[in-house]
1. Could you grab me the full set of residues in segment 233-251 that are in contact (Cβ under 8 Å) with a residue 40 or more places away in the chain and over 14 Å from Val274 (Cβ atoms)?
2. Quick one: count up the residues across segment 281-338 that are among the β-branched types (Val, Ile, Thr) and part of a helix (DSSP H, G or I).
3. Looking at segment 282-302, which of its residues are within 24 Å of Ala233 (Cα to Cα) and in contact (Cβ under 8 Å) with a residue 60 or more places away in the chain?
4. Does Lys356 count as in contact with a Leu (Cβ under 8 Å, 6 or more places away or on another chain) and at pLDDT 80 or above?
5. In this structure, does Asp207 turn out to be surrounded by 19 or more Cβ atoms within 10 Å (Cβ to Cβ) and in contact with an Asp or Glu (Cβ under 7 Å, 6 or more places away or on another chain)?
6. One residue is enough: does segment 285-307 have a residue meeting the conditions over 30 Å from Tyr364 (Cα atoms), modelled with pLDDT under 85 and in contact with a Pro (Cβ under 6 Å, 6 or more places away or on another chain)?
7. Which residue pairs have Cβ atoms under 9 Å apart, sit 6 or more places apart or on different chains, and have a first residue in segment 54-67 that is exposed (fewer than 15 other Cβ atoms within 10 Å of the Cβ) and a second that is assigned to a loop (DSSP other than H, G, I, E, B)?
8. Failed condition for Arg97, given (1) in a helix (DSSP H, G or I); (2) at pLDDT 90 or above; (3) surrounded by fewer than 18 Cβ atoms within 10 Å (Cβ to Cβ), with all others met?
Amino acid sequence: MAKSKAKRRDREEFPILHAGRRLLAPIEEFLRALREEPVHGNRTLFYDQVVVAHLLAFFNTSVNSLRTVEDVFESETVRRNLKMPRVPKSTLSDAHRVFDPELLKPVIQRLKHKMPATIEDPKLAEIVEDLVAVDGTFFTVAARVVWALHGRSNDPDAPPTRRAFRADVHYDVVRGVPEQVMVSDGRMAEQVSLAQCIEPGKLYILDRAYQGFQLYADIAEAGSDFVVRLRDAITPQSTAVQPLSAEDRAAGVLHDEHVYLPSYRAKGLRDVPVRVVEFEFVDRQGIPCTVRLLTNRLDLPAETIVLIYRYRWQVELFFRWLKCFVNLRHFFSESPNGTTLQVYVAVIATLLLALKTNARPNKYDFTLAGLVIGGLIPVKEAKAISERRHRERELAKLARLKKQGRS
């Protein structure tokens, strides 16, 4: 009786802990499976508990070190409601080196497939494949992290003492969530990283860093398609110029032609019909810029090819989400295993948030989730605030489109 009263009191005084359990509901089965992984006989901290500790830290940016994670689980109330033991920083540090982060990949795929489409553009209706934007980003780590010595930072002015590892992300554009993440020291070229995990039924959207004719041939052979930005130095030979429609010209299309790639490096593409779509846009400084796109989709209008490539920017927004909004900058581990595990858990947390709000995650939803987890806002109120915010954003978007004459 006393125990049930204590639980009821905790539910009233700490609503976030129970909200946290509900947030974890979509992966409870997966967490149980992690618990059943073979373990050493004297282990006191299990893999599922490590994941829960990381998820709690993700939604509370003040929990940003091993010591603060340890402090959170010094609370008996937290341990009881989250079904967790104490999490000493030394034990968590050891766990980062032991547990295999690759075991977290299935839950990323499972959560991704539960997400509905967040982009319903009628111009994309003919595309039955998954639109996947692929790109990499660097995360700075301490100079003493030896395995990242060969990494580099995106900042050209960074001092030589800074080191970084790279995360290559496959981003599902239509659902608005990541579907794959590969963490490496940055020595492997980005196109090589992609070549190792090509899947059928995808339309890969790539920037200039993914230049490689054999890569494009491999994508086509796997039953997928590609839209990639060509570097200026590549000069394909035109075989057939395609007429442009009024819609193509309105989208900024300058040329649309079937091409032949004469380079010996392009021999893998000899049996793959390709085309080049050239379009013009105005950058933020008001300067006209020309972009050439190579694709094996000969059936789509040129304006649709341009539209597909414009959606590549969504993966850049995801990087901004990780680095700015959720502040994934301080890593609890210096080992490849530990950093990879933390990145994977951040992706899982992003998917859980998207699934909870049924929309692409934004900074408002993340802030509300943190307030709920901190026990400052009840779950029902947070949900009402989130729904109101989403309505306001949708109305603002419609008003903006109307002002631009697009609706």
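1. Result: Leu244, Ser245, Glu247, Asp248, Ala250, Ala251.
2. 5
3. Val291, Arg292, Leu293, Leu294, Thr295, Asn296, Arg297, Ala302
4. yes
5. no
6. Within segment 285-307 (the criterion being over 30 Å from Tyr364 (Cα atoms), modelled with pLDDT under 85 and in contact with a Pro (Cβ under 6 Å, 6 or more places away or on another chain)), the answer is no, since none of the residues qualifies.
7. Ser62/Gly374; Ser65/His330; Ser65/Phe332
8. (2)
The values are calculated or read from the model by the stated rules, or taken from the named source; none is laboratory data. Keep in mind that this is a model prediction, so the values were computed, not measured. Cβ atoms come from the backbone with ideal geometry, glycine included; neighbour counts cover every protein chain shown.
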